[in-house]
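Here the structure is laid out as structure tokens; the discussion comes afterwards.
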């Protein structure tokens, strides 16, 4: 037995083993996709390969993916900065500040409708209530200009 096998305590067949795997096809396909879509990670690249009809399973493709060092770092959750809480101010003049809101509901038949409400913050008066199945932006602007 050779000296290297004794030191490593490996069987001779394992020490001299040469892999017969030929991953050139997978390497080329992965590199081409990674070049076309640099932001994509393993899952999306593997999905592309599957859709293209490639027979390789995810374990084989992932092994080659790691071998090519294409691993992407996971992005952490983006935290919003802490908001400074401020008390709401009591309005003292009419028509100085308005609030607007969209609400939606559905009728018995299942058809949905929306309402657009504009209220004066001081007097709590409803300045406009628009009800329809569809409210376009042009219509909302027209309502706000009419009450201005």
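A few comments on the model shown:
- Helix 24-36 and the longest principal axis of the C-alpha atoms of the chain enclose an angle of approximately 30°.
- For the range 98-147, the equivalent ellipsoid derived from the alpha-carbon gyration tensor has semi-axes of 22, 14, 7 Å in decreasing order.
- Kirkwood hydrodynamic radius of the range 22-74, from inverse mean 1/r over distinct Cα pairs, in Å: 10.9 Å
- Stretch gain in nm, segment residue 31-residue 101, where the contour uses 0.36 nm per residue and the Cα spacing is subtracted: 20.2 nm
- Length-normalised contact order of the chain in % [C-alpha pairs under 8 Å, at least 6 apart]: 12 percent
- Counting only alpha carbon atoms, the long axis of helix 137-147 and the longest principal axis of the chain meet at about 30°.
- Cα long-axis angle, helix 58-67 against the chain (0 to 90 degrees, to the nearest 10): 80 degrees
- Cα Rg, Dmax, the chain, angstrom units: 32.5, 99
- Estimated [θ] at 222 nm from DSSP helical runs (n ≥ 4, -39500 (n - 2.57)) normalised by residues in the chain, nearest 500: -10500 deg cm²/dmol
- Each of the peptides 75-87, 98-110 was scored by the mean count of other Cβ atoms within 10 Å over its residues; in descending order, highest first, they stand as 98-110, 75-87.
Values quoted throughout were computed directly from the atomic coordinates according to the rules given, and no laboratory measurement underlies them. Note that the structure is a prediction, hence the values are computed from the model and not measured. Because the Cβ atoms are built from the backbone with ideal geometry, glycine has one as well, and the counts that use them run over all protein chains shown.
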